[in-house]
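Every read-out reported here was derived from the displayed coordinates using simple, explicitly stated rules and does not represent laboratory data. It should be emphasised that the depicted structure is a prediction, and the values quoted were computed from it without experimental measurement. Note: ideal-geometry Cβ built from the backbone for every residue, glycine included; neighbour counts use all protein chains shown.
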Amino acid sequence: MLAIIMMFSIVFDVSDKLGEFIANKAPLSAIIFDYYLNFVILYGNMFTSMIVFISVIWFTAKMAKDTEIIPIWFSGKPISRYMRPYFISATILMLFSLVLNHFIVPRANKGRLDFEEKYYRDIMIVEDYHAEYPGNQSVYFSNYNNRDKKINDFTVQKWSEDDQPVYYMKCRYAINDSNSRMWHLKDLYEKRFFTDHIEIRHLSDLDTTFDFSISDMVHRKNAAETMTYSQLRSFIDREKKKGSSMVPLYEIELHQRTSYPFAAYILTLIGVSVASQKRRGGVGVNIAIGLGLVFVYIFAMKMLTVAALNLGFPALLSVWAPNIFFAFIALILFKAAQK
């Protein structure tokens with residue numbers, strides 16, 4: 001089932017992006033190994049919980065249809081013995097998904113996004129950037145795009161520990177290599193503050209260094225998807241110090257990597273509860289009921305994610321609330337199924 005879904009996903013993705021790949025002369029080897037191999041890792045892991053859920057409903061409903069479950073439940077064995085194989089399997093898949101989410105998928109995303117950046121992505125534009133940096137530094141620029149690599153109206157200010165101005169610099173534009181701290185400044189106005197005097201100078205060009213690079217300031221919204229667990233934690237800490245408005249989005253990404261795998265337990269219990277009852281419509285009715293619950297579950301996760309971003313809900317609560325709520329729903333459905 002997972003292979004079929006992946007094949008359909010690749011076909012639709014190819015039909016959407018093939019023109020861009022041809023126009024940008026993307027090599028076939030890069031399309032296959034740098035993009036679609038990582039594409040399968042990402043979306044295969046993403047769909048795993050749903051596929052596990054459908055699989056549980058399928059074979060449990062087949063057992064119910066053949067009247068195999070009732071003798072098992074009334075054999076005198078505890079119900080936990082019946083559920084043991086389900087949860088052993090769910091635990092194996094949950095641990096596998098955790099490792100994928102925190103360590104393997106981010107690396108796959110990096111390769112995929114690097115490919116898109118080179119052969120598919122639209123131009124990235126950042127406007128009115130302002131952030132605080134360690135060392136009492138403030139950085140501002142009016143706009144930047146990754147096509148000409150120019151940072152316009154670039155401004156840097158520094159203060160002492162007692163909030164006295166130490167340094168002020170503004171230039172018409174700046175250019176920086178994202179892999180270095182070296183900056184090239186154009187049409188520079190610079191002011192240095194000392195105890196008894198102020199130095200001011202105007203320069204047409206200046207090569208200098210700062211303790212940050214453009215990669216510290218400019219990120220696509222999905223940049224967090226390329227970071228492993230430790231990298232993402234460090235990145236969130238840095239963004240908090242800068243006062244970035246994107247911190248809730250990054251925190252949601254971090255918590256979702258753990259909450260989604262744990263959904264395997266909840267979906268397994270819901271699947272067993274829904275499918276263990278013999279219904280007149282057969283397996284199809286059980287699958288339809290189960291998919292309806294899954295869609296409500298996914299909708300709740302997306303809705304609370306939007307609430308966390310726009311209404312200021314805590315990211316941890318927004319991510320885990322659907323799991324907690326549907327865990328209670330799963331228990332209620334399981335108790336009802338036993339009756």
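Before moving on, here are some points about what is shown:
- Remark on W183: its backbone amide H falls under 5 Å from those of T208, T209, F210, a criterion applied only to residues 5 or more positions apart or on other chains, H modelled at 1.01 Å from N.
- Residues T305, T268, T155, T195 arranged by fewest to most Cβ contacts within 10 Å: T195, T155, T305, T268
- For the chain, the longest principal axis of the Cα atoms and the long axis of helix 247-275 meet at an angle of about 0 degrees.
- In a DSSP loop and with at most 16 other Cβ atoms within 10 Å, the chymotrypsin sites (Phe, Trp or Tyr not before Pro) in region 1-94 are F74.
- In sequence order, calculated HN-Hα J values of region 327-335 (Karplus, 6.51, -1.76, 1.60; Hz; x Gly/Pro): 5, 5, 4, 4, 5, 5, 5, 5, 4
- Sequence ranges 91-104, 323-336, ranked by mean other-Cβ count within 10 angstrom, highest first: 91-104, 323-336
- Between the Cα long axis of helix 2-23 and the first principal axis of the chain there is an angle of about 30°, rounded to the nearest 10.
- In degrees, nearest ten, helix 229-242 long axis to first principal axis of the chain (Cα): 50
- Pairwise centroid distance, computed over Cα atoms, of region 94-123 with region 261-276, Å: 28
- For Cα extents along the principal axes in Å, calculated from these coordinates, the label among (1) 109, 45, 43; (2) 92, 51, 28; (3) 86, 49, 34: (2)
- For the set K302/K335; K110/K170; K17/K221; K150/K170; K65/K335; K158/K221, the pairs lying more than 26 angstrom apart at their alpha carbons are K302/K335; K110/K170; K158/K221.
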